[in-house]
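Report on the following structure.
Each value in this text was obtained by applying a stated rule to the coordinates, not by laboratory testing. In this text the structure is predicted, and so the values were computed from the model without any measurement. Note that each Cβ is placed from the backbone with ideal geometry, even for glycine, and that neighbours are counted across all protein chains shown.
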Amino acid sequence: MIDLKMNRRGLMKGAAAVGVGLSAPQFFVRGANAFTNEPTGSSVTLGFNVPQTGPYADEGADELRAYELAVEHLNGGGDGGMLATFSSKTLEGNGIFGKKVEYVTGDTQTKSDAARASARSMIEKDGAVMITGGSSSGVAVAVQALCQEAGVIFMAGLTHSNDTTGKDRKANGFRHFFNSYMSGAALAPVLSKAYGTDRKAYHLTADYNWGYTTEQAVRESTEAMGWETVNAVKTPLTQTDFSSYIAPVLQSGADVLVLNHYGGNMVNSLTNAVQFGLRAAQANGKNFEIVVPLYSRLMARGAGSNVAGIYGSTNWHWSLQDEASKAFVKSFGTKYGFPPSQAAHTCYVQTLLYADAVNRAGSFNPCAVGEALEGFEFDGLGNGPTLYRAEDHQCFKDVLVVRGKENPENEFDLLEVVEVTPVSQVMYSPDHPQMGGAEATLGTCNPGA
Amino acid sequence: MLGLNKKDFLLLLIVTMLTMLAPFVLNPFPEGSALAQFNAGYPDLMQRFVIFGIFAIGFNILFGLTGYLSFGHAAFLGVGSYAAIWMMKLLTMNVIPAIIVAVVVAGLFSVVVGFISLRRSGIYFSILTLAFAMMSYQLAYSVLTPITGGETGLQPKVNDPRLLDSALVDGATPTANLFGLSMRSSYELEIGSWLFTFNAGYYVAAVVMLLSFYLAIRIFRSPFGMMLRAVKSNQNRMKYTGLNPKPYTLAAFVISGMYAGLAGGLMVAMDSQVGPERMFWTASGEVVLMTILGGVGTLIGPVLGAGAIKYMENIISKINTEILHSWFSFLPDGLEDLIVNLTYPFIGKGWHLTLGIVFMLVVIFLPGGLVEGAQRIAGLIRRKDKSGGMPPASAKAEPAE
């Protein structure tokens with residue numbers, strides 16, 4: 001069992017100089033490092049693994065923009081963005097821990113195999129010490145497990161399923177984005193206030209993991225408020241025409257339709273529902289209503305005017321008026337000409353959080369970084385006071401409940417924030433049944449070598 | 001030797017040399033140089049080369065010999081992977097039982113699929129296999145979530161039962177191993193500014209690949225292989241001579257299904273995780289591309305094709321604009337931007353486009369795939385030596401092996 005996995009870059013440079021100078025070939029057997037890909041030179045490499053092709057390519061492109069912006073800010077370029085508003089002041093624009101930040105990119109294709117291949121090449125070939133990104137929970141769980149095995153830190157991008165920090169949580173993985181449970185818990189009170197406690201809900205659920213956890217979360221939270229769930233129907237992920245699923249809804253006796261769909265699915269099902277006249281319909285003597293648990297700006301743009309007045313939740317929105325959000329929107333807008341999406345925000349924040357954790361820990365060692373992130377409380381990154389909980393590596397912060405705007409002013413101004421649900425309302429215990437129960441465990445951190 | 005004629009033995013010897021020396025062959029450029037981007041000698045990609053080589057060799061036994069074009073072979077790969085990961089969860093993290101069970105389960109599944117699909121031939125057969133593969137994908141993605149883990153897939157967990165393994169030390173994660181030798185462990189050798197990585201998992205996969213390559217040669221040269229070629233050339237004539245082609249085609253189908261299962265099992269052994277998109281129809285299409293790109297019906301072709309496609313997917317797709325700019329930075333600004341903009345659509349996320357162009361060129365100009373290209377070059381050299389003594393390779397009537 002020889003395991004002499006070592007860092008490449010730094011030793012390379014020194015070795016190259018010696019090797020070239022001497023006429024006889026030099027053979028090196030290098031001494032073991034303290035952890036995988038320990039950066040020994042003047043720079044450190046991060047791996048940005050985002051979907052560049054496939055259904056979430058739009059989100060992936062926006063994530064990559066955010067990463068490039070974050071690297072620019074960390075290296076002291078641009079206007080510094082959220083570095084100035086971040087409550088922790090270790091980031092001074094001199095890279096991470098004094099080392100210049102370099103990065104490599106890869107395409108996850110929104111497939112776990114491709115994502116893992118790409119991440120492995122970043123770790124094995126390019127010497128990346130941290131992997132981040134992704135726009136789907138399946139990919140996030142797969143890459144997180146890989147990083148755990150390889151001994152590098154994984155900072156999840158956009159992943160909303162409970163499983164990422166629930167039953168599939170890992171010691172080397174961290175998630176800033178919110179999750180299905182939080183969406184349900186944040187939405188339920190707003191919904192009962194807007195639509196009353198005596199409602200009958202009908203769920204259409206995308207037939208895969210994220211759909212299940214979201215349906216369960218919304219269902220349990222709304223039922224606790226007194227709603228009744230009439231029926232829950234699973235729809236194939238590849239479905240593009242939902243008319244056959246929408247048609248029975250009005251006859252079912254339900255008066256609210258919950259669409260547990262994301263991306264193109266949500267755009268199509270919502271459009272179908274509106275075409276069927278559900279918005280104008282009456283049921284049980286009340287106005288028929290539609291709810292979309294997870295909103296994103298890119299989805300709202302796809303669905304167009306159909307989103308008007310429809311409730312949902314989101315992790316962050318560019319129209320927020322706190323200093324941090326304004327600073328981020330400004331520097332992103334200056335560089336790219338339009339406001340960032342929530343995917344871009346979470347990726348930018350994750351990069352800063354990692355950099356700050358390394359600075360505070362004084363080491364790139366994944367175990368030291370993990371320790372610095374666990375239980376870390378911070379502010380000034382756009383979501384108000386936030387806690388990185390030690391037990392499951394999930395961020396706890398306020399959740400935004402949003403509604404589609406009736407009269408949007410431009411193509412980005414599609415959602416309005418209705419309520420900021422305080423973090424206390426979306427808190428849950430780490431062994432919550434929706435999060436894998438008592439069995440779920442982080443394991444211990446793995447530094448690789 | 002080994003029951004092979006001289007030519008085949010030489011081929012096996014060359015393939016053995018290449019796979020064993022792959023860490024050197026695939027890492028021709030020194031670390032830190034601009035061309036290091038094109039190095040492919042890191043464990044993950046080397047493992048993928050040989051694993052997809054096995055997958056394509058197996059596919060070629062069906063498609064190359066009998067002419068039956070299966071569009072659902074990824075299903076067997078996926079079923080093998082799921083079987084292997086369950087062995088790792090329930091029995092032991094040792095890769096041997098996982099690989100064996102993967103082959104057996106994929107074999108059984110291919111008996112069922114083959115028995116039904118082989119009632120038809122031509123396009124109907126292709127569509128039937130495609131339907132089976134997409135059914136398997138859908139089942140794995142949603143219906144069978146308790147067994148397959150749905151979209152998230154399956155991974156070995158710390159608290160899985162694993163009957164044969166002793167309890168993990170506190171804090172250890174389950175790692176795939178061969179009697180204690182971790183598949184992830186590597187030995188790195190540095191010579192000058194070159195860095196070569198020797199990975200345990202790669203060598204395990206490479207040995208398995210050589211064995212399956214040897215088996216494929218034996219099948220190609222056997223009377224059974226001749227019968228399969230007879231099915232391809234004229235099934236009716238075969239029937240009129242009193243031979244029933246069905247057992248032969250079914251046997252070929254099951255053998256290639258087992259090869260796919262073997263590849264699936266090895267994928268889990270190298271990287272213990274499985275997700276349903278491994279069975280998606282694009283994965284089935286990929287192996288067809290590999291076989292055609294390399295050369296249908298040839299021994300080495302599918303391996304070359306698999307290597308070419310995996311190389312593009314993993315190397316070309318990782319080049320981004322920043323890297324392009326650094327390559328062309330010696331040019332004047334305007335020209336640099338122009339060249340970068342012209343190149344950009346073909347790299348990074350545009351690697352599919354590059355692959356498409358290469359594939360079209362090969363199919364149009366080299367219908368026999370990369371192998372035919374190599375033969376033509378060899379033919380040219382030989383003609384120069386003997387000044388026209390040999391006819392061009394493409395004019396030969398015998399199949400190109």
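Miscellaneous remarks
- Listed as lacking a disulfide-compatible partner in the protein assembly as shown: A:CYS147, A:CYS347, A:CYS395, by the criterion of no other cysteine Cβ under 4.7 Å.
- Summing charges over neighbours of A:GLU377, with a neighbour being any other residue whose Cβ is under 15 Å away from its Cβ, gives -2 when K and R count +1 and D and E count -1.
- Lys, Arg +1 and Asp, Glu -1 on Cβ, resulting dipole of the range B:6-280 about Cα centre, debye, nearest 20: 1560
- For A:LYS286, a cut-off of 16 angstrom between C-alpha atoms picks up these lysines, skipping any fewer than 8 places away in its own chain: A:LYS193, A:LYS200.
- Modelled this way, with points 7 Å down the Cα-to-C-beta line, the labels at B:LEU21 and B:GLN235 are 4.5 nm from one another.
- Ascending count of other beta-carbon atoms within 10 Å, so fewest first, for B:TRP86, A:TRP316, B:TRP281, A:TRP210: B:TRP281, B:TRP86, A:TRP316, A:TRP210
- Summary value for the range A:286-437: 24 percent relative contact order, contacts being C-alpha pairs under 8 angstrom separated by 6+ residues.
- This ranking places B:GLU286, B:GLU336 by how few other beta-carbon atoms lie within 10 Å of each, fewest first, which gives B:GLU336, B:GLU286.
- Computed over the protein assembly as shown, the quotient of the alpha carbon radius of gyration and 2.2 N^0.38 Å is 0.99.
- Kirkwood-based shape ratio for chain A, expressed as Rg/Rh from alpha carbons: 1.01
- Gaussian network model of chain A, Cα within-10 Å springs - most flexible of A:GLN148, A:GLN321, A:GLN350: A:GLN321
- D_trans [Stokes-Einstein, Kirkwood Rh over alpha-carbon pairs] for the range A:79-121, 4 °C, 1.567 mPa s, µm² s⁻¹: 99
- When the protein assembly as shown is described by a simple charge dipole with +1 on each Lys and Arg Cβ and -1 on each Asp and Glu Cβ, the residue from B:SER121, A:ALA171, A:ALA281 located farthest towards its positive end is B:SER121.
- Rounded tilt (10° steps) of A:57-74 against the dominant C-alpha axis of chain A: 50
- Note on A:GLN321 and B:LEU164: their simple-model spin labels are 6.6 nm apart, each label 7 Å out from Cα toward Cβ.
- Normalising the average separation of contacting C-alpha pairs (under 8 angstrom, six or more residues apart) by the number of residues puts the relative contact order of the range B:6-280 at 37 percent.
- By DSSP, the beta bridges lying fully in chain A are antiparallel in about 35 percent of cases.
- Rounded FRET efficiency, nearest 0.05, which uses the C-beta distance separating A:THR238 from A:GLN282 and R0 of 45 Å: 0.85
- Span from the the range B:268-297 Cα centroid across to the the range A:408-449 one, whole angstrom: 35
- Across the options A:ASN162, A:THR132, A:GLY81, the greatest Cα extent toward the positive end of the charge dipole of the range A:74-171 (unit charges at beta carbon of Lys, Arg, Asp, Glu) belongs to A:ASN162.
- Centroid-to-centroid separation of the range A:42-110 and the range B:26-67 [C-alpha atoms, Å]: 31
- Estimated inter-spin distance, A:ALA247 and A:ASP379, nm [label 7 Å along Cα→Cβ]: 5.6
- Shape of the range B:6-280, Cα gyration tensor, a/c cut at 1.5: oblate
- DSSP-defined antiparallel bridges as percent of all bridges, chain B, nearest 5: 90
- Gyration tensor (alpha-carbon) shape descriptor, the range B:1-101, a/c threshold 1.5: oblate
- Long pairs among A:LYS111/A:LYS335; A:LYS99/B:LYS349; A:LYS99/A:LYS335; A:LYS125/B:LYS310; B:LYS89/B:LYS310, criterion Cα-Cα beyond 20 Å: A:LYS111/A:LYS335; A:LYS99/B:LYS349; A:LYS99/A:LYS335; B:LYS89/B:LYS310
- Antiparallel bridge percentage (DSSP; both residues within the protein assembly as shown; nearest 5): 45
- Computed from point charges on the beta carbon alone (+1 for Lys and Arg, -1 for Asp and Glu), the dipole magnitude for chain A about its Cα centre is near 760 Debye.
- Residue (of A:LEU400, B:PHE346, B:VAL303) at the positive-pole extreme of the protein assembly as shown, dipole from beta-carbon charges: B:VAL303
- Taking a ≥ b ≥ c as the square roots of the eigenvalues of the Cα gyration tensor, the range A:322-449 is oblate, since a/c reaches 1.5 or more and a/b is not larger than b/c.
- Straight-line reach from A:LYS89: taking Cα to Cα under 14 Å and skipping same-chain neighbours fewer than 8 places apart, the aspartates and glutamates in range are A:ASP356, A:GLU377, A:ASP379.
- Sorted by Cβ neighbour density within 10 Å, fewest at the top, the residues A:CYS445, A:CYS147: A:CYS445, A:CYS147
- Here's the list of lysines a cross-link from B:LYS384 could span, going by alpha-carbon distance under 19 Å and ignoring same-chain residues fewer than 8 apart: B:LYS396.
- Comparing A:LYS111, A:LYS193, A:LYS397 in a Gaussian network model of chain A where C-alpha atoms under 10 Å apart are linked, the largest mean-square fluctuation is found at A:LYS193.
- Mean sequence separation of contacting Cα pairs (under 8 Å, at least six apart), scaled by the length of the range B:131-284, corresponds to a relative contact order of 33 percent.
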